[in-house]
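Q: Here it is, the structure, as structure tokens.
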Amino acid sequence: MAPSDQPNDLEQEILNEAPRLAATSRFRFSCHPGISCFNVCCRDVNIVLSPYDVLRLRRRLGLGSQEFLAEFTILPFGEKQRLPIPLLKMGSDEQKRCPFVGEQGCTVYEDRPWPCRAYPIGEASSGSPSRPGEQFYFLVAEEHCHGHAETNEWTVGTWLENQGVAPYQAFGELLKEVTLHPRLAQGMELGPKQMEMYFMATYELDRFRRFIFESRFLECYEVAQAYADRLREDDEELLRFGLNWLRFVLFGEPTMRIKPEVLEAKRAAMASRP
Ligand code: SF4
Ligand code: SF4
């Protein structure tokens, strides 16, 4: 293995506990209301929320994105962290139960977050410079989870398909175009303003929508009227648009176009400066 192919700390920690799996790897598992550990896993757990998780959950609950984030998430920010990532806030009761767990199980089941869907399959991306973004799976086998003693057999691929992970993975791929961008990998640090733009265009979609329609945004960027109309209504399209916009404003990628007359006015203003 070349030095640059060595796993990073997180990969090594995962690999020490569970070997890498491919989509065709097999395992046995079942989770159902009759199992003795039912609901045990829905407490005192760190659930990282992706922008698409937040979109699905807050829409299900009929909440605005900022309202949802304030009520149901925490935003830890460690020194080594490059981007803000919200976690689902567990309850303040002794067991620290998930706010969405009920007697019959998950009350937001159809819109449960990606990690809850994929469990007991974990997914990680390589941080190695030679393999940026390379994806791998691993099996999470926790003592309290009796689902591993059941007889239903799956491959990683059939399990993820059965759990409806596909749209979460598709948005995950688009998000990686920003979060695993080569410039960030090369050490680019985002300033407070850039962090704010990132958070708005990913997690605070209501605010991003207001920014598009209530600022000079549409006077500056080329956005077809029909597409702009769609952005008013379609949260998924707004998230896709936000991720493209971030690639433009943070990294200068040609994912958006500024109107020629705006560029011309800017050039003229710069030329007239003494
Ligand atoms: S969101 Fe649902 S599945 Fe996930 S921890 Fe909460 S209750 Fe459990
Ligand atoms: S602990 Fe495992 S088997 Fe039990 S409810 Fe949670 S996921 Fe299902």
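The values are calculated or read from the model by the stated rules, or taken from the named source; none is laboratory data. Note that this is a predicted model, so its numbers are computed, not measured. We place every Cβ from the backbone using ideal geometry, glycine too, and count neighbours over all the protein chains shown.
Q: Any residue in the stretch 234-249 that is over 21 Å from residue 50 (Cα atoms) and not hydrophobic (A, V, I, L, M, F, W, C)? If you could, list the steps in order and put the result at the bottom.
A: Taking the stretch 234-249 first, the residues over 21 Å from residue 50 (Cα atoms) are none.
Checking the stretch 234-249: not a single residue is over 21 Å from residue 50 (Cα atoms) and not hydrophobic (A, V, I, L, M, F, W, C).
Q: Condition first: closer than 13 Å to residue 49 by Cβ and modelled with pLDDT under 95. Now tell me which residues in the stretch 84-111 satisfy that. Explain how you work it out, then say what you get.
A: Of all residues in the stretch 84-111, those closer than 13 Å to residue 49 by Cβ come to 84-90, 98-100, 108, 111.
Within the stretch 84-111, 84, 85 qualify.
Q: Looking at the stretch 61-105 only, could you name the residues that are farther than 17 Å from residue 40 by Cα and touching a residue at least 60 places away in the same chain (Cβ under 8 Å)? I'd like the intermediate steps shown before the answer.
A: Kept after step one, since they are farther than 17 Å from residue 40 by Cα, are these residues of the stretch 61-105: 61-87.
Listed by number, the residues that qualify are 64, 65, 66, 69, 82, 83, 84, 86.
Q: Somewhere in the stretch 72-84, is a residue at negative phi, within 16 Å of ligand 1 (Cβ to nearest atom) and out of contact with any Lys or Arg (no Cβ under 6 Å at 6 or more places or on another chain)?
A: Start the filter on the stretch 72-84 by keeping residues that are at negative phi, which leaves 72-84.
Those still in the list that are within 16 Å of ligand 1 (Cβ to nearest atom) too: 72-74.
With out of contact with any Lys or Arg (no Cβ under 6 Å at 6 or more places or on another chain) added as a condition, the list becomes none.
There is no residue in the stretch 72-84 that is at negative phi, within 16 Å of ligand 1 (Cβ to nearest atom) and out of contact with any Lys or Arg (no Cβ under 6 Å at 6 or more places or on another chain).
Q: Could you check the stretch 44-92 and list, in sequence order, the residues that are in contact with a helix residue (DSSP H, G or I) (Cβ under 6 Å, 6 or more places away or on another chain), more than 19 Å from residue 118 (Cα to Cα) and in a helix (DSSP H, G or I)?
A: Result: 58, 60, 65, 68.
Q: Conditions first: (1) among the polar types (S, T, N, Q); (2) away from ligand 1 (no atom under 12 Å from the Cβ); (3) part of a loop (DSSP other than H, G, I, E, B). Residue 39 passes all but one, so which condition is the exception?
A: Single failed check for residue 39: (2).
Q: Ok, one more. Of the conditions (1) within 21 Å of residue 202 (Cβ to Cβ); (2) more than 15 Å from ligand 1 (Cβ to nearest atom); (3) buried (at least 17 other Cβ atoms within 10 Å of the Cβ); (4) of a type outside the set (D, E, K, R), residue 54 clears all except one; give me its number.
A: (2)
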